[in-house]
Amino acid sequence: MVEDQRETISQEVEDYALRFLKQGRDKWDVPHTKSVVHYAKEIAQAEGYDILVAVTAAWFHDIGYFSLFNEEDTSTLSNVRDRKALHMENGAKMAKAFFERPEVAEKFTPQQKERIIHLVSVHDKVDELQDLDELILMEADTLGIIDISRVKPTYNRDDWIRFLESVKGRRAPRFLTTLGKKYLKELLPIAESYSDNFSPSTPSTPEVK
């Protein structure tokens, strides 16, 4: 595939994803997804994996949160966790709908389409992930949360600390790639220190310094 074709496809994927991400979790879904895309591309390239599959799955991984919250609070970990299974199911359906569009149907192989839909449908089932591409997306998703230079936490302070504990307990042991492990080692201490940036008077809102 020539570079111009790849860029055209990538733009179509991005445009489709942003339609839904912009109506997802406020101040989170768009910057977080862009961060995940960055890491998915880097790790896939380092591993010699299909970059189109990795990047497309990264763009689509959270589109299933579209319309799941309405006016409900997304700063609490429990509210997000309650919707994890449904957002993967919805996201896979939305990815499938994208591939059925005539203007993109022939730009992906059947195998690529199938794999992207699969990755979206399982990406948060952390304990069940086994295949390289599943773990690449999990690593990118994790790094795309804890890289506070790219996106600031929207969880309240206590839930941010709880989430980082789950990263150390569940996600970090599943990291497979050399590059993913390198970034995790660099970013996790910075993410932990960010807990000090939460204002004591307003514990649900990080104080930007």
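For the stretch 35-62, a residue qualifies if it is farther than 15 Å from residue 95 by Cβ, over 8 Å from the mean Cα position of the chain (by Cα) and assigned to a helix (DSSP H, G or I), and the qualifying residues are 38, 39, 41, 42, 43, 44, 45, 46, 47, 51.
Residues in the stretch 106-126: is at least one under 17 Å from the mean Cα position of the chain (by Cα), at pLDDT 95 or above, under 15 Å from residue 53 (Cα atoms) and part of a loop (DSSP other than H, G, I, E, B)? Scanning the stretch 106-126, I find at least one residue that is under 17 Å from the mean Cα position of the chain (by Cα), at pLDDT 95 or above, under 15 Å from residue 53 (Cα atoms) and part of a loop (DSSP other than H, G, I, E, B), so the answer is yes.
Screening 34, 27 for residues that are at positive phi and touching a residue at least 60 places away in the same chain (Cβ under 8 Å) leaves exactly one candidate, 27.
In the stretch 186-194 there is no residue that is within 21 Å of residue 24 (Cβ to Cβ) and exposed (fewer than 14 other Cβ atoms within 10 Å of the Cβ).
Answer yes if at least one residue in the stretch 143-153 is out of contact with any Asp or Glu (no Cβ under 9 Å at 6 or more places or on another chain) and polar (S, T, N, Q), and no otherwise. Within the stretch 143-153 (the criterion being out of contact with any Asp or Glu (no Cβ under 9 Å at 6 or more places or on another chain) and polar (S, T, N, Q)), the answer is yes, since at least one residue qualifies. When 98, 163 are screened for being modelled with pLDDT under 95, assigned to a helix (DSSP H, G or I) and out of contact with any strand residue (DSSP E or B) (no Cβ under 9 Å at 6 or more places or on another chain), only 163 passes. Scanning the stretch 96-124 for residues that are surrounded by fewer than 16 Cβ atoms within 10 Å (Cβ to Cβ) and of a type outside the set (Lys, Arg) turns up 97, 100, 102, 103, 105, 106, 109, 110, 111, 114. Reported count of residues in the stretch 66-83, each being surrounded by fewer than 15 Cβ atoms within 10 Å (Cβ to Cβ) and either part of a helix (DSSP H, G or I) or modelled with pLDDT of 90 or more (or both), is 2.
The values are calculated or read from the model by the stated rules, or taken from the named source; none is laboratory data. Given the structure is predicted, the values throughout are model-derived calculations rather than measurements. Glycine gets a Cβ as well: all are built from the backbone with ideal geometry, and neighbour counts include every protein chain shown.
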